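Enquirer: After the structure tokens below, expect a handful of questions from me.
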Amino acid sequence: ALYRRALDLLARIPEGPARDATELGLLHGASTAVVRQTPSTSEPLQLFERMVALARRVDDKVSLCSALLNMSVRLSTLAQYQRALGVLGQVDAVGLEMPPGSPMRIFLDSVRAMAWFWTGQLAASFAHLEAHTLPHPPSEDGAQLLVLAPTDRRVVFIVYVSALYWLLGSPERAFREAQRAMEIAEASGDPYTRGIAYCHQARLRVFVGDPPAEVRAYAQAALAIDDAEVWHAQARLLLRWADSHEAPLDAAAVDNTMHDLHDRLALFPMGWTYLGITAIGALRRSGRDTEAMVVVDEMLEFARSRDERFLEPELQRIRGELLEPTDIEGAAVAYEEAWANARAMGSRALELRAGVRLATLRRGTASSAVVLERLASVANMFTDGRDTVDLAAARALLATARA
């Protein structure tokens, strides 16, 4: 409100470079709340567009790169990943010197890696992000951070790295990084970073197959943070996922699940497939396979139209499971597509999941030996010491085949 009032008072200053520079400074301040709250989907983007125009007008390369970087972050939160990457191309074209290790270079590399994560370019994303999550303090120079300020960016980047470790087949390291993010967030006391850390802990346990009680504990902790509303819809979905393990969701809970899912799409589309898979699991355990299939197809359309591809193999696998009772060959095709997609993406975790389903389906058929050989090659890549539900299932299938 204070920034809005100050911007309104700018009308009293004559037009010119001084007014432009003042407005640019005020917009820098106003931009810090964009990601930490649940804003409308249009106004913050207009804010960054205005900042870019002003920075070009006053010929300020640092402010121009800063505004473009933060516009890219905002576009990613709107699940407009290709536009976000295109804006980063404009940053490169500015020609501002950014030495390796400088705050601006770190932010540029990390923002690009975040967009790559969602689009399924996992190896490239991991290489960029891991380099910037070493245990060093956050930069004191926050001018270029804007949309993440005053957030400790390490927590955000470490959460991404943790998710990447799981996807790439290192679940033990994924949990270590998740714990590191939690410790930094708790030490900071920042509601935003605490919210993302707790939600990530819950999400990771959903995917690994840990007890629902652990998922519930972290989701409840996120909901208890009063100033972390941006994470509350996700926490509620995770809670209902845990509830569905105890008893089927009733009609009201199902309605609330769908409301939270679509409300999040309207406000903060980034990561919608993440949330969709949680909702799908709760619907299936509640005997609502028809509704689950509708959500799967909706998520696949979203993944392909928005290029949020990193969980597309998982959605294809789930679609196969829903098809299997009535269309075995359709299910097999879905599992094959999921397996091939995960392999192309480099996601051992999702490759293993698809392989387990296909091997189970093909057990006792002429193609069983070939499928089991492929499954064994994937399972043998998991060497970091942590067992998961999927890895245990793969080993059981392989042991049965050898017996």
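The values are calculated or read from the model by the stated rules, or taken from the named source; none is laboratory data. The model shown is predicted, which means the values in this text are computed figures rather than measured ones. All Cβ positions, even for glycine, are placed from backbone atoms using ideal geometry, and neighbour counts span all protein chains on display. These accessible areas exclude ligands, DNA and RNA; they are computed on the full protein's heavy atoms, side chains included. Shrake-Rupley method; radii C 1.70, N 1.55, O 1.52, S 1.80 Å.
Enquirer: Hey, could you check region 336-369 for residues that are assigned to a helix (DSSP H, G or I) and of a type in the set (S, T, N, Q) and say which is nearest to P325 (Cα to Cα)?
Expert: Out of the qualifying residues, it is T360.
Enquirer: Moving to a separate point now. State all residues of region 1-40 that are small (G, A, S), in a helix (DSSP H, G or I) and either at pLDDT below 75 or in contact with a Lys or Arg (Cβ under 6 Å, 6 or more places away or on another chain) (or both); if no residue qualifies, say none.
Expert: Result: A6, A11, G29, A30, S31, A33.
Enquirer: Moving on to the next point. Among residues belonging to region 257-285 that are without any contact (Cβ under 8 Å) to a residue 60 or more places away in the chain and among the hydroxyl-bearing types (S, T, Y), point out the one that is surrounded by the most Cβ atoms within 10 Å (Cβ to Cβ).
Expert: Applying the filter and picking the extreme gives T257.
Enquirer: Looking at A222, A233, which one is under 30 Å from A115 (Cα atoms), open to solvent by less than 30 Å² (accessible area, probe 1.4 Å), touching a helix residue (DSSP H, G or I) at 6+ places or on another chain (Cβ under 8 Å) and modelled with pLDDT of 95 or more?
Expert: A222
Enquirer: (1) free of Cβ contacts under 8 Å to residues at least 12 places away in the same chain; (2) not in a helix (DSSP H, G or I): which one isn't true of L249, the others all being true?
Expert: Unmet condition: (1).
Enquirer: Let me ask you something else. How many of the residues making up region 55-83 are of a type in the set (A, V, I, L, M) and assigned to a loop (DSSP other than H, G, I, E, B)?
Expert: 2
Enquirer: Moving to a separate point now. Considering G86, G101, which residue is more than 19 Å from the chain's Cα centre (by Cα) and assigned to a helix (DSSP H, G or I)?
Expert: Just one listed residue meets the conditions, G86.
Enquirer: Going through region 203-215 one residue at a time, which ones are open to solvent by less than 50 Å² (accessible area, probe 1.4 Å) and more than 17 Å from the chain's Cα centre (by Cα)?
Expert: Correct list: G209, D210, P212, V215.
Enquirer: Hey, another quick one. Name the residues in region 317-340 that are of a type in the set (V, I, T) and closer than 19 Å to R374 by Cα, would you?
Expert: V333
Enquirer: Search region 173-202 for residues being among the polar types (S, T, N, Q) and open to solvent by less than 20 Å² (accessible area, probe 1.4 Å), and hand back the single one that is nearest to Y218 (Cα to Cα).
Expert: Q201
Enquirer: Identify, please: which residue in region 42-100 is of a type in the set (K, R) and open to solvent by 10 Å² or more (accessible area, probe 1.4 Å) and is, among those, modelled with the highest pLDDT?
Expert: If we take residues in region 42-100 being of a type in the set (K, R) and open to solvent by 10 Å² or more (accessible area, probe 1.4 Å), then R83 is modelled with the highest pLDDT.
Enquirer: Sticking with this structure for a sec: If we keep just the residues of region 367-403 that are more than 33 Å from the chain's Cα centre (by Cα) and over 17 Å from Y335 (Cα atoms), which is surrounded by the most Cβ atoms within 10 Å (Cβ to Cβ)?
Expert: A401
Enquirer: Residues that are in a helix (DSSP H, G or I), open to solvent by 10 Å² or more (accessible area, probe 1.4 Å), out of contact with any helix residue (DSSP H, G or I) (no Cβ under 6 Å at 6 or more places or on another chain) and at pLDDT below 95: does region 165-172 have at least one?
Expert: Yes, because at least one residue in region 165-172 is in a helix (DSSP H, G or I), open to solvent by 10 Å² or more (accessible area, probe 1.4 Å), out of contact with any helix residue (DSSP H, G or I) (no Cβ under 6 Å at 6 or more places or on another chain) and at pLDDT below 95.
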